[in-house]
Amino acid sequence: MLKKAVLIGVISCLLFSFKSNETAMPVLKIAANQRCFTAAGKPFFWLGDTGWLLFSKMNREETEQYLDTRSKQGFNVIQVMVVHSIKETNAYGDSALVNKDLAMPKVTAGSTFGNGREYDYWDHIDWVIGKAAEKGLYIALVPVWGSVVKENHIGPAAARAYAEFLAKRYSGHSNIIWMNGGDIAGTDSMKTWNAIGNTLRSLDTTHLITYHPRGRTQSSTWFHDKSWLSFNCFQSGHRTYAQDTSKKDLKYGEDNWKYAQADYTKTPIKPTLDAEPSYEKIPYGLHDIKLPVWTDADVRRYGYWSVFAGGCGYTYGDNDVMQMHKPTDKGSAYGSKGYWYNSINDPGARQMIYLKKLMLSRPYFDRIPDQHLIAGLQGEKYNRLIATRGKNYAFVYTYTGREMSINPEKLAGSKIKASWFNPRNGQVTAIGTMAKAKTLKFNPPGRKANGNDWVLILDSI
């Protein structure tokens, strides 16, 4: 009888789209320039966080604390796994699936909280999405993590049934984004990923869809021309230059700006962003917890590099937060020692808002990457200078505080107002006003060193 009741509940969800009473948010759209996003016609800079296990590990009180903090810190997108394990349960002990069958989500009738029962797995997700909307947050839903598909040999038929369930249940929410895949190469289960993408697109023509690839790869390698893919993502990954040992890795390595640059040149034009760079406080290369960990300086570098090279946003991550590590856990992954409720305030998380504010401080839609601004050596690895500009302004980023030789001729006007922007605290310090010249030299404050990062701001007069 239970199985029959569950089946009836699933069929009901398949036949009727979920009706949301949540706070209305504008659905994200691709801008007219095809390079970035808009929300209700206004510029939208994607500032994401990898809250991967939010649905499965956090209760409602914890969820509200997390969402409230991230919203106040300026984040506007939370990337979350819907099903991370074929045995997935939530914080209330309710299973996501019937008999570990992706084609059979475990849906129960009603949504009454208390009276001896808790919301089921899917009711809880409904609540989280609605609570995120109250706080102005979009939820990027990863339908099923890549390892679940690969290890359980989930084929296109089951994937289509599951994607149909998701689309009909969640397309009524204005604040969702579909993030197909999940830390996996497109060539692993290609037919399954296309089945999910095509099904979502056929049933939901409103919301954006992308693909989250494995480390050191980008969605455009496999899916750029697919009609279901609205925009590209890449995962620049967690390794150092020295840990890249294959010829394929050596193509880009830590230089995440190269992924953005490669996507920027593809046709048809689609937005792109780094959806998973190195996490703050995670060991180099992930697996050897004796190695040093990535710091706030590193996550800043990945952010400014990728955005200035053409990215439409950036996703931050923290080792403790992405796995929602808490004292009741029996263990942790990747050497996590802190707890999520403390680590949500780590330095890198608090600094991300300055990148967002800088990008929205000038005309947004005409911005392009432009390395021609750099008159001298552009530099390699950590010494790389990355430049972007609009018609009347330019930004140039240095991670090491090295000297810059700049050619401002493409900027309008006869004079230039120059300033330093500090990515650590968002403060702007005036340099002065000067006549345009073929080459202008600038020396950032402080001594040259990794993490002494600065943005040179040039405004036309």
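Can you list residue pairs whose Cβ atoms sit under 8 Å apart, with the first residue in the stretch 229-245 being modelled with pLDDT under 95 and the second being among the acidic types (D, E)? Count only pairs 6 or more apart in sequence or on different chains. Close Cβ pairs (under 8 Å, with a partner that is among the acidic types (D, E)) amount to D244/E254.
Residue-wise test of (1) touching a residue at least 60 places away in the same chain (Cβ under 8 Å); (2) touching a helix residue (DSSP H, G or I) at 6+ places or on another chain (Cβ under 9 Å); (3) among the hydrophobic types (A, V, I, L, M, F, W, C); (4) under 20 Å from M25 (Cβ atoms).
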{"residue": "W127", "(1), (2), (3), (4)": "yes, yes, yes, yes"}
{"residue": "A132", "(1), (2), (3), (4)": "yes, yes, yes, yes"}
{"residue": "V142", "(1), (2), (3), (4)": "yes, no, yes, yes"}
{"residue": "W145", "(1), (2), (3), (4)": "yes, no, yes, no"}
{"residue": "A158", "(1), (2), (3), (4)": "no, yes, yes, no"}
{"residue": "E164", "(1), (2), (3), (4)": "yes, yes, no, no"}
{"residue": "S171", "(1), (2), (3), (4)": "yes, yes, no, yes"}
{"residue": "I177", "(1), (2), (3), (4)": "yes, no, yes, yes"}
{"residue": "S189", "(1), (2), (3), (4)": "no, yes, no, no"}
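The residues of the stretch 41-67 that are touching a residue at least 12 places away in the same chain (Cβ under 8 Å), under 27 Å from S306 (Cα atoms) and surrounded by fewer than 17 Cβ atoms within 10 Å (Cβ to Cβ) amount to a single one, P43.
The rows are residues; the columns are (1) surrounded by 21 or more Cβ atoms within 10 Å (Cβ to Cβ); (2) under 24 Å from A140 (Cα atoms); (3) charged (D, E, K, R).
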| site | (1), (2), (3) |
| --- | --- |
| D188 | no, yes, yes |
| T192 | yes, yes, no |
| L200 | yes, yes, no |
| H207 | yes, yes, no |
| S219 | yes, yes, no |
| H224 | no, yes, no |
| F231 | yes, yes, no |
| K251 | no, no, yes |
| A262 | no, yes, no |
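Checked against the criteria, G317 does not count as at pLDDT 95 or above, touching a Leu at 6+ places or on another chain (Cβ under 8 Å) and surrounded by 24 or more Cβ atoms within 10 Å (Cβ to Cβ). For the stretch 256-267, does any single residue satisfy the condition of being among the hydroxyl-bearing types (S, T, Y), assigned by TED's automatic domain parsing to the domain that holds A32, touching a Leu at 6+ places or on another chain (Cβ under 8 Å) and in contact (Cβ under 8 Å) with a residue 12 or more places away in the chain? Looking for residues that are among the hydroxyl-bearing types (S, T, Y), assigned by TED's automatic domain parsing to the domain that holds A32, touching a Leu at 6+ places or on another chain (Cβ under 8 Å) and in contact (Cβ under 8 Å) with a residue 12 or more places away in the chain, one finds none in the stretch 256-267, hence no. Scanning the stretch 394-428 for residues that are closer than 21 Å to M352 by Cβ and either part of a strand (DSSP E or B) or among the basic types (K, R) (or both) yields F395, V396, Y397, T398, S419, W420, F421, R424, V428. Of all residues in the stretch 66-102, those satisfying the criterion of being under 16 Å from D126 (Cα atoms), in contact with a Ser or Thr (Cβ under 9 Å, 6 or more places away or on another chain) and outside any strand (DSSP E or B) are N90, A91, D94, A96.
Filtering the stretch 410-442 down to residues that are closer than 14 Å to A375 by Cβ and not basic (K, R), which residue is surrounded by the fewest Cβ atoms within 10 Å (Cβ to Cβ)?
My answer is T439.
The values are calculated or read from the model by the stated rules, or taken from the named source; none is laboratory data. Nothing here was measured: the structure is a model prediction, and the numbers come from that model. Don't worry about glycine lacking a Cβ; one is built from the backbone with ideal geometry, like all the others, and counts go over all protein chains shown.
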